[in-house]
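See structure below.
The values are calculated or read from the model by the stated rules, or taken from the named source; none is laboratory data. Note that this is a predicted model, so its numbers are computed, not measured. Ideal geometry is used to build each Cβ from the backbone, glycine not excepted, and the neighbour counts take in all protein chains shown. The area values use the complete protein model at the heavy-atom level, side chains included, leaving out ligands, DNA and RNA. Shrake-Rupley method; radii C 1.70, N 1.55, O 1.52, S 1.80 Å.
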Amino acid sequence: MASSSPGTSCTILAAGLALVAFVSCADAKVPAAEACAPLQTPEPNAPDQRPAFAGQTRACADRSNVAFEVVVLAKGLQQPWAVEPLPNGDLLVTEKPGHMRIVTAKGEKGGPIAGVPAVDARSQGGLLDVALSPGFATDNTVYWSYSEPRQGGNATSVARGVLSADGARLADVRVIFRALPVYDGDKHYGSRLAFGPDGMLYVTLGERSSKQMRPQAQQLDSHMGKIVRIAPDGSVPPDNPFAGRAGALAEIWSIGHRNIQSAAFDSQGRLWEVEHGARGGDELNLIERGRNYGWPVVAYGIEYSGQPIPGAVTARDGTEQPVYYWDPVIAPSGMQFYTGDAFPAWRGNVFVGGMRATSLVRLRLEGMKVVGEEHLLADRGQRIRDVRQGSDGALYVVTDAANGELWKIAPRR
Ligand SMILES: [Ca+2]
Ligand SMILES: [Ca+2]
């Protein structure tokens, strides 16, 4: 082990796995903030881009050393997109081709629930997220998002219905939100649903991917590339930031997003999202009312073609910087702040499904900064589509595959 050097030279005092290093400069020993080993080490896609602040990308590798076991509760799910724990311990699961079903806490797979409207399941479309009404215990109401076939194309819609006591059917099904405009495409629908502590439903929407549609992420007369906020009956809350503004769609809450498939509230009631960025530009954002998150004029990364993003810069006044970004990308889908008792070491951490990362991404936050990153379940090599916490404190995960699986992550017995 090195010892402190005399004079002005500096010596790295490294120990063991070198996750923590102290730089000794002459007589002072100070922790070196940048001296940790980042989890992500491959060459970035945009090597000339610089983060806006230290720690905005490539956080220190974190090792939680939590003993857990993975129980495969169900197999043979068709491209499951969402898992939503029910109060009784059962799990509600959506499958992209258009089915919703219940898997019991013991892993018994129920049949397709009747009453789900038709979806356009081509490419990235289909039956997408599902969320329980905040009053589910008494109203049995569920909400779901999907790519709805419409005249001239399709777009993301949100419907709600009342789940029968036996879980076999949805009644009183009503579409409460229809994103506009309609577009004849098959990509970037969003969409996660998250109820806030204000009782409102936040819906994340993609910008439909094509270069022709992309600029709409900056336009207030389009729902594309937005987070919208609606009341549980679909009506527009009068305190939305653009309500009453001429030419603006009143449902809009934030603008400038690419394709958001992860959204969650933290224990302080703040809304966060993780969005699919360009190649080298997946982002974690803290969402604030009425703000602009940049896309497609402010972004990290490059086009998937390998070209620069036309006209884009990585920072601009009037737009929000991501709290964190990934280059290379993880391809995020699903998100959960952990608050349970089963894994005390994980409390306050945020878990994100990693599809390209084929792992469950865990981030440790301190204040507004990501200070540690760990990729769990990587040994299984599966694309992780959604992650939710059950009332038992376990984490429930679905994998993105034609023969998809539902996993329960619980403390090792
Ligand atoms: Ca959900
Ligand atoms: Ca952004």
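A few notes on this one:
- First in region 115-133 and on the phi < 0 side of the Ramachandran plot, second anywhere and assigned to a strand (DSSP E or B) and within 16 Å of ligand 2 (Cβ to nearest atom), Cβ under 7 Å, 6 or more apart: none
- In region 316-336, the residues that are open to solvent by less than 60 Å² (accessible area, probe 1.4 Å) and either of a type in the set (D, E, K, R) or assigned to a loop (DSSP other than H, G, I, E, B) (or both): 319, 320, 321, 322, 323, 327, 328, 329, 330, 331
- Taking every residue in region 187-202 that is among the hydroxyl-bearing types (Ser, Thr, Tyr) and pairing it with any residue that is within 16 Å of ligand 2 (Cβ to nearest atom) and assigned to a loop (DSSP other than H, G, I, E, B), at least 6 positions away or on another chain, the pairs with Cβ-Cβ distances below 8 Å are 189/205; 189/206; 191/205; 191/206.
- Tallying residues that are within 16 Å of ligand 1 (Cβ to nearest atom) and among the small types (Gly, Ala, Ser) within region 251-292 yields 3.
- Qualifying residue in region 248-258 (condition: within 18 Å of residue 218 (Cβ to Cβ), modelled with pLDDT of 95 or more, in a loop (DSSP other than H, G, I, E, B) and within 14 Å of the chain's Cα centre (by Cα)): yes
- Residues that are open to solvent by 30 Å² or more (accessible area, probe 1.4 Å) and of a type in the set (Val, Ile, Thr) do not occur anywhere in region 275-295.
- Filter result for residue 175 (farther than 19 Å from residue 298 by Cα, open to solvent by 30 Å² or more (accessible area, probe 1.4 Å), assigned to a strand (DSSP E or B) and touching a residue at least 24 places away in the same chain (Cβ under 8 Å)): yes
- Hits in region 184-209 (condition: closer than 21 Å to residue 277 by Cβ and either within 16 Å of ligand 2 (Cβ to nearest atom) or open to solvent by 30 Å² or more (accessible area, probe 1.4 Å) (or both)): 186, 187, 188, 190, 204, 205, 206, 207, 209
- Every residue from region 205-240 that is in a loop (DSSP other than H, G, I, E, B), among the hydrophobic types (A, V, I, L, M, F, W, C) and within 25 Å of residue 304 (Cα to Cα): 205, 213, 224
- Members of region 141-172 that are part of a strand (DSSP E or B) and over 14 Å from residue 127 (Cα atoms): 141, 150, 153, 161, 162, 163, 169, 170, 171, 172
- Restricting attention to region 275-313, the residues that are hydrophobic (A, V, I, L, M, F, W, C), under 14 Å from residue 254 (Cα atoms) and in contact with a Ser or Thr (Cβ under 6 Å, 6 or more places away or on another chain) add up to 1.
- One residue stands out among those in region 94-140 that are of a type in the set (Asp, Glu) and surrounded by 16 or more Cβ atoms within 10 Å (Cβ to Cβ): the one that is nearest to the chain's Cα centre (by Cα), which is 129.
- Region 251-265 residues that are open to solvent by 10 Å² or more (accessible area, probe 1.4 Å), paired with ones that are of a type in the set (Val, Ile, Thr) and within 13 Å of ligand 1 (Cβ to nearest atom) (beta carbon under 6 Å, 6 or more apart): 263/204
- Being aliphatic (A, V, I, L, M) and touching a residue at least 60 places away in the same chain (Cβ under 8 Å) is a condition met by at least one residue of region 285-293.
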